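The values are calculated or read from the model by the stated rules, or taken from the named source; none is laboratory data. Predicted model only: the values in this text are computed from it and were never measured. Methodologically, a virtual Cβ is constructed for each residue, glycine included, from the backbone with ideal geometry; neighbour enumeration extends over all protein chains shown. Accessible surface is based on the protein model in full, side chains and every heavy atom, while ligands, DNA and RNA are left aside. Shrake-Rupley method; radii C 1.70, N 1.55, O 1.52, S 1.80 Å.
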Amino acid sequence: MRDCQNDSPSLRVSIHGKETFILQSQHPIQNQTKRYRKKQLSPRKKILLGLLIIAAVMLFSVVISVIYEVSVNGDYYSAFYSGGTGYEPLDILFAPADYETNIFEDKTYMTMNRDIKYIDGAQSTEVALDEDGAYFGAGLVFFQNYFNCVINGDYEGYRAFISEDYSEKNAYPIPERFTMQKIHSISVEHRGDADQIISQNEVRRYYIVKYQIYQNNGTFRDDIRPTDVLPLLFELTTIGEETKITKIVKFPGA
């Protein structure tokens, strides 16, 4: 009778004087590799992981956007409600103030750009002060009338643009009397991202206003030189159909 043979490698050992054969695995290393082989993610889990990563990135973007909006709007609101205005009159010698001078007879001034550049979001236009700007919104019309009043030295009519609630305590002072102003290079930017809806009948809007005054005599603004451009931040409050200036401060960071 044939002895059964096992091709598997064996180890000969002696136990109590008797030889004993112990079978060994043919592939000990392979078995060990299988034991410690890492589990791979299934296709479904890979998709879920990818979606989680995308969602995390989107959430991070939203958070950053909110933080930016709060910081930007915070600059506007803090400018009005922190008690600081940025108003600092200059101790310089201004041009002589002549209430009889007609600035439209100044040929040099008449060659300067006296149009108003109006920016509202992605929309930008440039129109003359006496041009109909209603197509571009009530904000442009308001500032067309405002600058026409200032340029013509209508200090009595100027008060009509100012709200009765306007407090000079935390805002630019309102001049009681001023000459015709040689204003040019006007820019008005509506910052709709900072607007506030107070109620169904009341809305506050914010505008960055820039301009220069050629041969400034200091009767309207005594905080800028003729070559200076010092941006101001206007708060316009509309109640019903009436819009008034409720506050003017120096634009934050200017």
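Couple of notes before you dig in:
- Close pairs (9 angstrom Cβ cut-off, 6 or more residues apart or separate chains): under 16 Å from Thr238 (Cβ atoms) in the stretch 181-200, in a loop (DSSP other than H, G, I, E, B) anywhere: His190/Gly121; His190/Gly137; Gly192/Gly121
- Out of Phe161, Phe147, sole residue that is open to solvent by less than 40 Å² (accessible area, probe 1.4 Å), in contact with a Phe, Trp or Tyr (Cβ under 7 Å, 6 or more places away or on another chain) and either within 22 Å of Phe94 (Cα to Cα) or not acidic (Asp, Glu) (or both): Phe161
- Those strands (runs of 3 or more DSSP E) of the stretch 175-254 in which at least 1 residues are under 24 Å from Ala128 (Cβ atoms), considering only elements entirely within it, cover 183-190, 202-213, 232-239, 242-250.
- Filtered by the rule that a residue be on the phi > 0 side of the Ramachandran plot and among the polar types (S, T, N, Q), the stretch 147-198 gives a lone residue, Ser185.
- For Lys247, the requirement of being under 20 Å from Cys149 (Cβ atoms) and modelled with pLDDT under 95 is met.
- Residue pairs whose Cβ atoms lie under 6 Å apart, sitting 6 or more positions apart in sequence or on different chains, and linking a residue in the stretch 212-228 that is more than 13 Å from Val150 (Cα to Cα) to a partner that is crowded, with 21+ Cβ neighbours inside 10 Å, are Tyr214/Lys182; Gln215/Lys182; Pro226/Asn216.
- Meets criteria (open to solvent by less than 30 Å² (accessible area, probe 1.4 Å), at pLDDT 90 or above, under 19 Å from Glu164 (Cα atoms) and among the β-branched types (Val, Ile, Thr)) for Thr238: yes
- The single condition among (1) more than 30 Å from the chain's Cα centre (by Cα); (2) over 18 Å from Thr227 (Cα atoms); (3) not hydrophobic (A, V, I, L, M, F, W, C) that Gly133 does not satisfy is (1).
- Single residue of the stretch 111-130 satisfying the filter (more than 23 Å from the chain's Cα centre (by Cα) and open to solvent by less than 60 Å² (accessible area, probe 1.4 Å)) that is nearest to Asp193 (Cα to Cα): Val127
- Verdict on Thr243 being β-branched (Val, Ile, Thr), surrounded by fewer than 19 Cβ atoms within 10 Å (Cβ to Cβ) and out of contact with any Ser or Thr (no Cβ under 8 Å at 6 or more places or on another chain): no
- Looking only at the stretch 211-235, residues that are of a type in the set (Val, Ile, Thr) and either modelled with pLDDT of 90 or more or open to solvent by less than 40 Å² (accessible area, probe 1.4 Å) (or both) come to 3 in all.
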